[in-house]
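**Student:** This is the structure I have questions about; it appears just below.
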Amino acid sequence: MPNFLGLVVLLVLWFLLFECAHALTTLLRRGPLIGWAIGPFGVTLMCLHEPSLFYIWLEVLCPAFVSGGVLYLGLFTALSPLALPRGPLIQILAITCGVLFTSTTDFLNALRDMRHPLWGEARILRTIQNLRATWARIYFTPFGYSYVRDRFGANPTELLQAL
């Protein structure tokens, strides 16, 4: 009999740790933080940086490894809320499907950034536009307020209304 409360806790923990891995890899770059957003697809940090190839792939691989590790620990150890067979094929299939579910968007974004890299104002505007399309709440840091005022001649509220 599956433990539904344990399964819900596993799913929430999986999502939270995946999002924390994203945030930590973004903060690892130490770029100036313009702002952040909280939306249905998690937390997004907006930093002013030029993406290097190393950090583009680090933002894909670190959260993917965290996702796979949480799935392995949550599904195939004694902590598992489900009674799944412990065969290697089942483990590989379940972990691969979970990692693909969480990291496909990151992989596609990395390919886009490699082919058409954006940084500076263009990257910030694209990120804000994508966040507005998903109904995310966007919050600007004090540096973000001054950046928007200097670069766009407007305050963040006016910029968000224009986009």
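**Student:** Please state which of the following conditions V70 fails to meet, knowing it meets all the rest: (1) in contact with a Leu (Cβ under 9 Å, 6 or more places away or on another chain); (2) closer than 30 Å to F152 by Cβ; (3) of a type in the set (V, I, T).
**Tutor:** Checking V70 against (1) in contact with a Leu (Cβ under 9 Å, 6 or more places away or on another chain); (2) closer than 30 Å to F152 by Cβ; (3) of a type in the set (V, I, T), the one that fails is (2).
**Student:** How many of the residues in the range 108-125 are small (G, A, S), outside any loop (DSSP other than H, G, I, E, B) and modelled with pLDDT under 90?
**Tutor:** Qualifying residue count for the region: 1.
**Student:** How many of the residues making up the range 127-141 are surrounded by fewer than 13 Cβ atoms within 10 Å (Cβ to Cβ) and either free of Cβ contacts under 8 Å to residues at least 24 places away in the same chain or in contact with a helix residue (DSSP H, G or I) (Cβ under 7 Å, 6 or more places away or on another chain) (or both)?
**Tutor:** 1
**Student:** I would also like to ask the following. If you check T25, T102, T77, which single one turns out to be of a type in the set (S, T, N, Q), in a helix (DSSP H, G or I) and without any contact (Cβ under 8 Å) to a residue 40 or more places away in the chain?
**Tutor:** Going through T25, T102, T77 in turn, just one is of a type in the set (S, T, N, Q), in a helix (DSSP H, G or I) and without any contact (Cβ under 8 Å) to a residue 40 or more places away in the chain: T25.
**Student:** Filter the range 86-103 for residues that are at pLDDT 95 or above, over 19 Å from V12 (Cβ atoms) and of a type outside the set (A, V, I, L, M) and give the result.
**Tutor:** Selection gives T96 alone.
**Student:** Also: Of all residues in the range 126-161, count the ones that are aliphatic (A, V, I, L, M), in a helix (DSSP H, G or I) and within 25 Å of L61 (Cα to Cα).
**Tutor:** 2
The values are calculated or read from the model by the stated rules, or taken from the named source; none is laboratory data. Everything numeric in this text was worked out from a predicted model, so none of it was measured. FYI the Cβ positions are ideal-geometry reconstructions off the backbone, even for glycines, and counts take in every protein chain you see.
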